Amino acid sequence: MRINLIALYNLYLIVIFGVGIALRLRLYLQIMNFVLSLSHRWPKLGQLILEHRWILVAWQTLAPTVLTLIFTILHSLVVYYLLPEATLTPHDLRHHPVWTILLTILALTMLILDGFSLYYGSTDVITSDLEKQLDQAEFWLSSRWSTIIEWLTLRKIRPRQLVREQLRTALQAVAVTINHAMWFWAIQLAVRLLLALAMWLTWFLAVP
């Protein structure tokens, strides 16, 4: 049985893209449901969060999916239409240990990164603990106790101001997390590109 590694890799790209879309769609739906629930569950807090909504819903959150889709489509076009005769099998690599080692390292790196991404992509962003914290923040923004505490402490303790500062800190942490995720997705896509280039170069140079 002759396994075409190039075609197998292309199939992997399609499958992993579909799984990634399913997980990211779940993430996007969580964020959208959270944003929609702000007006009736956390109206005061929602006004503050919506001022920074660009952090939760921005083009950067869609960029990895779009770039991965473009790469998958282009690779599929090359495999099925431009160079359908391209075939790279394990048998072809027997006499090319350098190419075999390079492809193995890139493939293992890609699998590790994809596995890591799928594992953490399946975690919930909006947790019950977060909702409890938001309920508490909404209480201090809406309650008269905030005003009473300000009067009793001669405005040395200002619960509403503390909530705003904590929210700003939390949103800044979200921005940092998104930035780190963008770098991770960039590395992930770069490894996929390198593996594809290495496969095609191996086929061009090593396969008779």
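Which residue, of THR100, THR104, is surrounded by fewer than 16 Cβ atoms within 10 Å (Cβ to Cβ), hydroxyl-bearing (Ser, Thr, Tyr), modelled with pLDDT of 80 or more and not in a loop (DSSP other than H, G, I, E, B)?
Numbers: THR100 fails: surrounded by fewer than 16 Cβ atoms within 10 Å (Cβ to Cβ).
THR104 is the lone residue from the list that is surrounded by fewer than 16 Cβ atoms within 10 Å (Cβ to Cβ), hydroxyl-bearing (Ser, Thr, Tyr), modelled with pLDDT of 80 or more and not in a loop (DSSP other than H, G, I, E, B).
In summary, helices (runs of 4 or more DSSP H) completely within the stretch 30-77 and bearing 1 or more residues that are modelled with pLDDT of 70 or more occur at 43-50, 59-77. Within the stretch 102-113, residues that are over 15 Å from LEU189 (Cβ atoms) and in contact (Cβ under 8 Å) with a residue 60 or more places away in the chain reach partners that are surrounded by fewer than 17 Cβ atoms within 10 Å (Cβ to Cβ) and among the hydrophobic types (A, V, I, L, M, F, W, C) with beta carbons closer than 7 Å, at six or more positions or on different chains, in the pairs LEU102/ALA198; LEU103/ALA198.
When LEU8 is tested against (1) of a type outside the set (Phe, Trp, Tyr); (2) in a helix (DSSP H, G or I); (3) farther than 30 Å from ALA137 by Cα; (4) modelled with pLDDT under 75, just one condition goes unmet, and that condition is (4).
Quick grid of which residues meet (1) touching a Lys or Arg at 6+ places or on another chain (Cβ under 8 Å); (2) at pLDDT below 75; (3) under 30 Å from ILE6 (Cα atoms):
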residue: PHE139; (1), (2), (3): no, yes, no
residue: ARG144; (1), (2), (3): no, no, no
residue: THR153; (1), (2), (3): no, no, no
residue: ALA170; (1), (2), (3): no, yes, no
residue: ALA173; (1), (2), (3): no, yes, no
residue: VAL176; (1), (2), (3): no, yes, no
residue: ASN179; (1), (2), (3): no, yes, no
residue: MET182; (1), (2), (3): no, yes, yes
residue: TRP203; (1), (2), (3): no, no, yes
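Residues that are more than 30 Å from VAL163 (Cα to Cα), surrounded by 15 or more Cβ atoms within 10 Å (Cβ to Cβ) and at pLDDT below 85 within the stretch 107-137 comprise just one, SER117.
The values are calculated or read from the model by the stated rules, or taken from the named source; none is laboratory data. Keep in mind that what you see is a predicted model, and the values were worked out from it rather than measured. All Cβ positions, glycine included, derive from the backbone under ideal geometry; neighbour counts span all protein chains shown.
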